[in-house]
Every structure is written in structure tokens, then in C-alpha cells.
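Structure, as C-alpha cells:
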Amino acid sequence: MNEELIIGIDLGTTNSLVGVVDSGFPIILADSDGERLTPSVVTYRSEGSIATGREAVRLQQLEPERTVSSVKRFIGRPYDHLSTEEIESSDYTVQPTPSGGINIAFGEDHSVSPIEVSSEILNHLKQVAETALEHEVSRAVVTVPAYFSNSQREATKAAAEAVGLTVERILNEPTAAALAYGLDKLDDEQTVAVYDLGGGTFDLSILQMKEGLFEVISTAGDTRLGGDDLDLAIATAIQGRLGIENLSTAESSRLRAAAREAKEALSSADTHTIRLPFFRDTESYELELTQEEVEALMQPVIDRTRSICQRAFAEAKNKGAGSIDHLILVGGSTRIPLVRRSIEEWFEITPNLSQHPDEAVALGAAIQAGILCGRVREVLLVDVTPLSLGIETFGGLMNVIIPRNSTIPARAGELFTNAVANQESMAIRVLQGEREMARDNWLLGEIDVPFTPGPKGSARVGVQFAIDQNGILEVLSRNTATGEDHVLEIRNSAVDVDDASVERMVSESIDHAFDDMNERIWTEARMKSEELLPAVDSALELVGDKLPDDEVDRIREAAAKVKALLESDLKDAAALKQANHTLDEATQTLAALLVEAAFE
Amino acid sequence: MGMTNCFAILGLSESLTLDPGDIESSWQAATREEHPDSSPGTEENRAAELNQARATLSLPVERLGHWLQLKLGEFEPNRSIDPELMDLFASIHSALESADSVISRHQKSTTALTKALLAKEAVNAQLAIQEQMAGIHSLKQSIIDSFPDLEKAGESGDFEEAKRNLGQLKFLTKWEQQCQSRLLSLLEC
């Protein structure tokens, strides 16, 4: 093994860090200002230069449309996986590429891919490391959310390679945090769960630690659930309470910054005043929020982590794991008291707060880097694949070949034969996900299995699906007649770095993008109204008598407003959306009563 | 391609009645020794082989299938279904259907209120699935308990009972997985 240094990088949604093992201990490297956290923000300035990190954050208010934050939410995903909310809630413009990937556009003639933005951040971290270590760095361990798919992992790897970093391992974030937790407990035998709620993603992983062997038993997560969603929920409520409509990009960016500030302040204080001086022209706003109010807004988002945890717990139990000795919290959003209280309430376990929420993952990445370059001994990490891998079979079903939570590296073979005489090849769609129908899962790409010409059923090709230690898939075919192996290319669109020759097609599609978007928002709002209105009637009939009269009136009033907007010819999408939101909020207690009644 | 022997890969005796703890400790010892991260130069292939062997031997249905394959080579599977299983299937099927119906309506709803309206039904579906799983579990366990007998019969060259049990176990395992996946989805309701 090469003794040459390997750095560990935590490429986060909100912040990124770089670390290294020095004299047997992992450390985080600081930049020339002495800062360890680099905001994962890049500004493509109108004058042409590119700013990264804190400088980009400073520019965010000046050039919100040219400043890219939380790009991790988009990396390696196809455009059609995005929800309207995800597209809308970004200050910058997100567009489809001709091959179905995602681009970030600054006006008509300039766009970048999420991979390129991530490369800027990685390059910045590489420079931080080189300055701190006073020599060149070319190898890295880069962390990703455990629940990242094959495409998201490949895209992250490509981003690092584009700036001259050889990726020695793509490491799962919660696993990295477990390494940081366990490095000084190598003699212990314990089962731990890592609850990792960051800026944009959530993971829960369960590991067994025994004499230096860290083995992941199960993992579950959501790559679209994090602090950003909390900010958005709070910002939407503030907007509603202040009665401000039709936000500009700069306004919505300011509002979200204020929401985040309130969220952070209310993690320790009981009340917080939001001040928005000269928010719109000369209009200034002020609003006092209590911790209780903000917690009520955050609760539905945090509740989404519960069933994900239960999933991972259930699978660990199926695999024979014992009870959880420690539940370790990492990720910036776990600073929120409500998160800690909810976990205690749900699972009757006191969360372990021994790890630094922002730094544990980077320290773990540094440790894994240390293992791979021989600087850390007696420690071995074995992980699992988060999603089932399969192929599409007859009738559009998914046939699982490597089930989720299989220990990696994993491989499994399938035998294919020609269905008709002299068939040259067979196209196979490779999928990742847990749904029965192929179309509901991630399409990783297509492979062509080549056949030797011959009568029907004569050609026999063994195809081996291998998931390496990075969680990345490789497909090999073996001709059983010749015994020859070769790698099959997986054709995939979302990871492609875009071809400049197709730029023109993109700008043509932009012209229609706005109309499409408005139509899409109206359709979604209309469907939501049509779902809510009858539900309000049924719910009031079932448990309405348990509500005070004024609350019932408030609900009926909100419902009447939705109905009026729905039937109006104006088709005001934004207003209908807001009215739905008000009705949604007004019926919170009603919904809680129904759930309570269900368990009686 | 020669047939891999998962027992041999982990250095275990070719037995149906392996102790899960022994499978784990053999895998752990071999992984520490031969994992490419701790022993530079070893092939990733070897680690994958160890993982595959453990996965096969840890699941009773896979272990029985692999054992039969080692004893008999390619064999004709026994596809008959016991009447007991037939009865069970009918009730499982209806429990799965009602679970699917709640889950799909829940997935379609976008508001807390419409989801809450389904809560009662979801709780009932969950109870029904749990009941079915208890039935599956006890049948599965009785087959696993018969592994020593299957092994003994095998020593005198009789594999019919093992083949029949493999078929039953495959059905039960599949239903168990289906029930488990519904149960996980119902957690979200």
C-alpha cells in the first residue's frame, strides 16, 4: 500500500471539511483564516470570476441568482426526479439537460452542472489541505450520505477526479461518524446507531463494533430531508403570517436566511424576533416567534425521520443484531432540542452527544483515509449497500439481484440466453430501489449483453453484478463458451457532463420553462385542494364534535377560501397554494385527533 | 464454472445445523485476515466471496438449497404445496391486499388530514399482517427444527424430504418478505 498521504473530505450540503490523520489521530485542517468549516457555496460572478466558501456566502445577497448553495441535493439525479418544491425553492435556476440530467443556468448563455459546482468546493478543500500540509495532495476519501444511489456516488467521484483527486473510497457519512466515535473504544463490543441529520440529507445506520471491526448491519435514509426543509417550513409560515405575496428571488433568499437564523436562535432561546428592515421597498417587517411555535412547524419534518429509523432497526433485528447500546447524533440539525426530545420519546434512549455534530464525519473520513494509507492499523470497516439492486423483468417488475443491506463488496450472477435465433444482444435495464414495479425505482442505466449467433437458447452469457466498497456498481459479462470476462458499459444520462453542442436545445426549452412551471404549480395545488376539501368534511363528521366551535369555524372559513379560488377562472396558482397551506395548518389539531382515535 | 462451496469458503463443516454464531465468527476471522483494506494486495474478489458465503449460510432457505446443490448437483425442484400452506396463503393474500390498499391511498395523499383519515385502517392492516407473520414464523420454525432429520436422511441418500421442505421454505420466505415490506410501509402511515 502506498504510504503517500490520503486526505478525508466531508462534502456536506451546507458545509464541507477536510481532515487527515497525524501521528495516529484524526485532525481537521483549518484554512488561512483559521476556519475549519467551508460553506458549500459557489458564486459564479457576473464579471466572470468564481468565488467559493465564505466569500460566496458574502456575495449571496448581492448575486442570489448566481450563487449556488445546497448543490448536493441535485448531484447525480435525473431532472424528472425533482419535485416542484425542489425546483422552486432554489434561488438559482435549475433546468433539465437534453439527456435528462440537471443544469444550473445563469441567464441564457451560461450554465454549470452540479458536478462542476461540487468540483469547485472540492478544489477549495484540496487547496486548504495543501496549504496546511505544505505539500501537494492527490488522493482522497470523500463521504456521501449512506442512502446515496449509484448515480449520486459516481457523480461525486467524478467531481473529485475532475480536480485531480483520486478517490480512494466513497465512504458513507454515518459510518464515518461511527469510526470517529469508536476509535478510542476499540476494545469494547457494542451495537451503535448513528442518527445523521444534516443540511439536506438524513441517514440512520446501525453498526456492530468488535475488536476494531466496524460492521454496518443496516442503513436507511432519505436524501431529501434535512435542515433546508426545516428552514423552508419556517419561511413559508413567516410569509403567511406577514401576508407577503409573490416573493422575488432576493426576497425569498432573505426570508429563508431569517428562518434559519430563527431556527438556530430558538435552539437555545425561548423567543426570537425576526427583523426584516426595508424588505420590500420601504416596507419593513418584524415578527416575534416562540420556540413552541417553531417546533410545531418543524415537527412534521422531524417526524419523517421516525419511520426511517424504525426501518433500519427492523432490518438490523432481522439480521440478528442485539439491542442498541448507544444512539449517536451527528449533523448540524441534531443541535435542535426538538430532535433530541423526539428521539428520546420515540425510542426511549438518551441520545449520545459525544460527537461534534459538524466534525465527526470529516474525522471519520480522515480515519478511513488513514486506514487506507497504513497510518491507522487494527481498524477495519465493512459497510453495506443501502438500496436493492435489480433488473427489469418481463411485465415491468423489478427482480432483486443484490438485496439492500448486503455487505459490500457484493456480487451476484445471472445467466442470460438468446430468446430468438441469431439474436445479437439483449438490452437489460439495471435498477436500484425497493419498489416492486421497475418504473418506481431508480434507473441506473442499460447494459447490452452480447450473444454469439446461434439457434434459440444456445447462447449463454453469465452476467455478474458487483458492488464495490464505494457502493458503486460494475457489470461484467462472461461468455461461458470462451470463459472471457469483460466490463459492460452502463449507459446513464444523469451523470453525463453536458455536451456543449446541445446547449442550443437547452436555451430553446427555457422559453417554455416558465409557462410549464406555472401550469405545474396550478395542477399540483388543484389536486391538493381536491384532496383536502372532501377530507375536511369527513374528518369534521368523525371527530369535529371534539373541537371548540371557533376552531371549526376557522377550518370552514379556510375551506371556503380554497373552494372559491379553485372555482375562480383566474387560476391563481400562488394564491391557491397559500390557501391550501392555511387550510393544512388549520386542520392540524383535527388530524391529530383522528390519529389518536385510531389507536383507541 | 465450478460450483462454489460456501461451507468450505468459511472453513465450516457441510452441515445444515450450523450455529449462527459460528458463521459470524468464521466470517469475522476471515475478513480481518483477508480484507483488502487490512491486508494490502488481497483481491476484492475474496472479500466478496466471503460476504456471499455468509449471506447464503445465514438464511435457512438459502443454506438448505446450497446444501442440496452440493449433494445432488443440479436437481429438479419439488414444487408441490402442502395443504397447510395453501390455507395460509389464502389468508396472507387477503391481508396483503388490504395493506396494499391502505398504503397506496396513503402514498397518494399529500396532506396530514387525508393521511390521518387512514390511520385507523392502517392500524388494523398492521395487526392483520402481524398475525399472518406469526403463522409463517411457526411453520418456518418447524421446518428448521427438522433440519437434523433431513441431514440424517441425506446420509442414507434420501433427499426427497429435504427437497420438499426447500419448496415449502421458499414459499414461506417469500411471503415473510412480502409481509415485512408491507409492515415497513405501514409504519409510515
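The values are calculated or read from the model by the stated rules, or taken from the named source; none is laboratory data. Note that this is a predicted model, so its numbers are computed, not measured. Methodologically, a virtual Cβ is constructed for each residue, glycine included, from the backbone with ideal geometry; neighbour enumeration extends over all protein chains shown. Just the protein is used for accessible areas: all its heavy atoms, side chains included, with ligands, DNA and RNA removed. Shrake-Rupley method; radii C 1.70, N 1.55, O 1.52, S 1.80 Å.
A few comments on the model shown:
- From A:Ala220, A:Ala269, residue being in a loop (DSSP other than H, G, I, E, B) and either hydrophobic (A, V, I, L, M, F, W, C) or assigned by TED's automatic domain parsing to the domain that holds A:Leu186 (or both): A:Ala269
- Scanning segment A:300-330 for residues that are more than 20 Å from A:Glu261 (Cβ to Cβ) and within 14 Å of chain B (Cβ to nearest Cβ) yields a count of 21.
A quick yes/no check of all residues on (1) over 20 Å from A:Asp184 (Cβ atoms); (2) at the interface with chain B (Cβ under 10 Å from one of its Cβ atoms); (3) touching a Pro at 6+ places or on another chain (Cβ under 9 Å); (4) open to solvent by less than 30 Å² (accessible area, probe 1.4 Å):
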{"site": "A:Leu381", "(1), (2), (3), (4)": "no, yes, no, yes"}
{"site": "A:Ser388", "(1), (2), (3), (4)": "yes, no, yes, yes"}
{"site": "A:Gly396", "(1), (2), (3), (4)": "yes, no, no, yes"}
{"site": "A:Ile408", "(1), (2), (3), (4)": "yes, yes, no, yes"}
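- Scoring B:Ala134 on the criteria (1) exposed (fewer than 14 other Cβ atoms within 10 Å of the Cβ); (2) over 19 Å from the mean Cα position of the chain (by Cα); (3) of a type outside the set (Phe, Trp, Tyr) leaves a single failure, condition (2).
- Once segment B:52-90 is narrowed to residues that are of a type in the set (Gly, Ala, Ser) and more than 20 Å from the chain's Cα centre (by Cα), the residue that is modelled with the highest pLDDT is B:Gly73.
- Matching strands (runs of 3 or more DSSP E) fully within segment A:96-190 where at least 2 residues are buried (at least 24 other Cβ atoms within 10 Å of the Cβ): A:139-144, A:166-172
- Boolean, A:Ile308 is crowded, with 21+ Cβ neighbours inside 10 Å and in contact with a Ser or Thr (Cβ under 8 Å, 6 or more places away or on another chain): no
- Here A:Ile244 meets the list (1) under 15 Å from A:Leu287 (Cβ atoms); (2) modelled with pLDDT under 90; (3) part of a helix (DSSP H, G or I) almost entirely, failing just condition (3).
- If the condition is being buried (at least 16 other Cβ atoms within 10 Å of the Cβ) and either in a loop (DSSP other than H, G, I, E, B) or of a type in the set (A, V, I, L, M) (or both), then segment A:424-434 contributes A:Met426, A:Ile428, A:Val430, A:Leu431, A:Gly433, A:Glu434.
- Taking segment B:1-79 as the region of interest, the helices (runs of 4 or more DSSP H) fully inside it that hold 1 or more residues being away from chain A (no Cβ under 11 Å) and exposed (fewer than 13 other Cβ atoms within 10 Å of the Cβ) are B:6-9.
- Criterion violated by A:Gly370 - all others in (1) at pLDDT 95 or above; (2) more than 14 Å from chain B (Cβ to nearest Cβ) satisfied: (2)
- Condition met for B:Glu151 (without any contact (Cβ under 8 Å) to a residue 40 or more places away in the chain, part of a helix (DSSP H, G or I) and surrounded by fewer than 17 Cβ atoms within 10 Å (Cβ to Cβ)): no
- Within segment B:11-39, residues that are closer than 24 Å to A:Gln368 by Cα and without any contact (Cβ under 8 Å) to a residue 12 or more places away in the chain sit with their Cβ atoms under 6 Å from residues that are assigned to a helix (DSSP H, G or I) and open to solvent by 50 Å² or more (accessible area, probe 1.4 Å), at 6+ positions apart or across chains, in these pairs: B:Pro36/B:Glu44.
- Here B:Leu96 meets each of (1) farther than 18 Å from B:Ile144 by Cα; (2) within 14 Å of chain A (Cβ to nearest Cβ); (3) open to solvent by 20 Å² or more (accessible area, probe 1.4 Å) with one exception, condition (3).
- For A:Gly332, the test of being touching a residue at least 40 places away in the same chain (Cβ under 8 Å), in the same structural domain as A:Thr14 (by TED's automatic domain parsing) and within 30 Å of B:Gln130 (Cα to Cα) is failed.
- Residue selected from segment B:99-118 under the condition under 17 Å from A:Ser83 (Cβ atoms) and assigned to a helix (DSSP H, G or I), by the criterion farthest from the other protein chains (Cβ to nearest Cβ): B:Gln107
- Every pair of residues 6+ apart whose Cβ atoms lie under 7 Å, when the first sits in segment A:262-286 and is in contact (Cβ under 8 Å) with a residue 40 or more places away in the chain while the second is aromatic (Phe, Trp, Tyr): A:Tyr285/A:Phe279
- Count of residues meeting criterion [buried (at least 16 other Cβ atoms within 10 Å of the Cβ) and touching a helix residue (DSSP H, G or I) at 6+ places or on another chain (Cβ under 7 Å)] in segment A:280-300: 6
- Among residues of segment A:393-413 that are farther than 18 Å from A:Ser218 by Cβ and in the same structural domain as A:Val430 (by TED's automatic domain parsing), those with a Cβ under 9 angstrom from a residue that is open to solvent by 60 Å² or more (accessible area, probe 1.4 Å) and in a loop (DSSP other than H, G, I, E, B), sequence gap 6+ or separate chain, pair up as A:Leu397/A:Glu436; A:Met398/A:Glu434; A:Met398/A:Arg435; A:Met398/A:Glu436; A:Gly413/B:Met1.
- Subset of segment A:35-50 (residues that are under 22 Å from A:Gly12 (Cα atoms) and not polar (S, T, N, Q)): A:Glu35, A:Arg36, A:Leu37, A:Pro39, A:Val41, A:Val42, A:Tyr44, A:Ile50
- All strands (runs of 3 or more DSSP E) inside segment A:1-95 with 2 or more residues being open to solvent by less than 10 Å² (accessible area, probe 1.4 Å): A:7-11, A:15-22, A:41-44, A:67-69
One line per residue, one yes/no per condition, for (1) open to solvent by less than 90 Å² (accessible area, probe 1.4 Å); (2) farther than 28 Å from B:Cys189 by Cβ; (3) within 14 Å of another protein chain (Cβ to nearest Cβ); (4) without any contact (Cβ under 8 Å) to a residue 40 or more places away in the chain:
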position	(1), (2), (3), (4)
A:Leu565	yes, yes, no, yes
A:Ser568	yes, yes, no, yes
A:Thr582	yes, no, yes, no
A:Leu590	yes, no, yes, no
A:Glu596	no, no, yes, yes
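- Restricting attention to segment A:366-392, the residues that are farther than 18 Å from A:Asn172 by Cα and in contact (Cβ under 8 Å) with a residue 40 or more places away in the chain total 8.
- Set side by side, the residues A:Leu242, A:Leu276 differ, and just one is open to solvent by less than 50 Å² (accessible area, probe 1.4 Å) and within 29 Å of A:Leu37 (Cβ to Cβ), which is A:Leu276.
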